[in-house]
Amino acid sequence: MKYQYPVEEVTTNEAWRVFRIMAEFIEGFEVLGKIPRAVSIFGSTRTPPGDKDYQKAEETARRLAREGYAIVTGGGPGIMEAANKGATMAKGVSVGINIELPREQKPNKYIKTYLNFRYFFVRKVMFVKYAVAFVIFPGGFGTLDEFFEPLQLIQTHKIKPFPLILVGKDYWKGLVDWIRGVLLTRGKISPEDVNLFCILEEPEEIVNFIKEKTK
């Protein structure tokens with residue numbers, strides 16, 4: 001028996017939600033379509049200033065901004081703040097794409113171009129659409145999501161391959177060992193899939209790698 005979705009369950013609020021989603025896409029396209037080639041930088045919101053990862057993110061963003069890349073982050077504290085700070089200190093384009101959360105995430109003070117979204121999936125499109133590279137610093141569940149999303153899109157040929165960089169060999173070693181030792185050996189991914197990302201350590205090599213791959 002074919003299921004008929006009850007018309008009365010489609011409320012006015014649900015119908016208007018479609019327009020809110022459209023509005024977020026339009027605003028994102030209009031604003032981000034004007035920035036230079038961008039590098040999206042991710043990592044933990046809990047990384048304090050002075051931490052070595054904070055310092056690396058700041059230096060990486062500074063170097064990238066000097067090379068003419070826009071820096072795009074999630075707009076919050078921690079690694080995001082460090083990256084926006086580096087871009088701003090280099091007088092580059094510093095973008096924050098914030099998300100509305102139950103526990104409010106305040107935008108950091110180093111953002112020059114700011115967007116705020118309600119829907120995670122719209123925000124994710126913005127990160128991917130305008131980026132020529134992703135740089136992933138140590139982080140938690142959100143950071144893992146930001147790593148695996150483009151990884152799967154590249155694997156399935158939904159987007160063109162671009163530099164997908166994990167920063168910090170010690171931090172990511174367990175994850176990479178699991179990918180190679182479990183996913184690959186059990187046939188859940190193809191051998192070439194493990195080459196869709198790389199692990200780098202220092203800001204200089206990160207920037208040089210991105211420059212080489214985005215000529």
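A short reminder: the numbers here are calculations on the coordinates, not readings from a lab. Here the structure is a predicted model, which is why all the values come from computation and not from measurement. Using ideal geometry, Cβ is built from the backbone for each residue, glycine included, and neighbour counts are taken over all protein chains shown.
Observations on the structure shown:
- Using distinct alpha-carbon pairs, which all enter the 1/r mean, Kirkwood radius of segment 57-178 in Å: 14.9
- Cα gyration tensor, the chain - rounded (a/c under 1.5), prolate or oblate: oblate
- For G75, the amide hydrogen comes within under 5 Å of the amide hydrogens of I97, counting only partners 5 or more places away or on other chains and with H modelled in the peptide plane.
- Both the radius of gyration and Dmax for segment 108-215 are 14.8, 46 Å, in that order, over alpha-carbon atoms.
- Average Cα contact separation per residue, the chain, under 8 Å, 6 or more apart, as relative contact order %: 19
- Dipole magnitude (debye, nearest 20) for the chain, charges at Cβ of Lys, Arg, Asp, Glu: 380
- Sum of -39500 (n - 2.57) over DSSP H runs of 4+, divided by residues of the chain (222 nm, nearest 500): -14000 deg cm²/dmol
- Remark: for residue pairs K52/K112; K52/K109; K129/K211, the C-alpha separation exceeds 22 Å in K52/K112.
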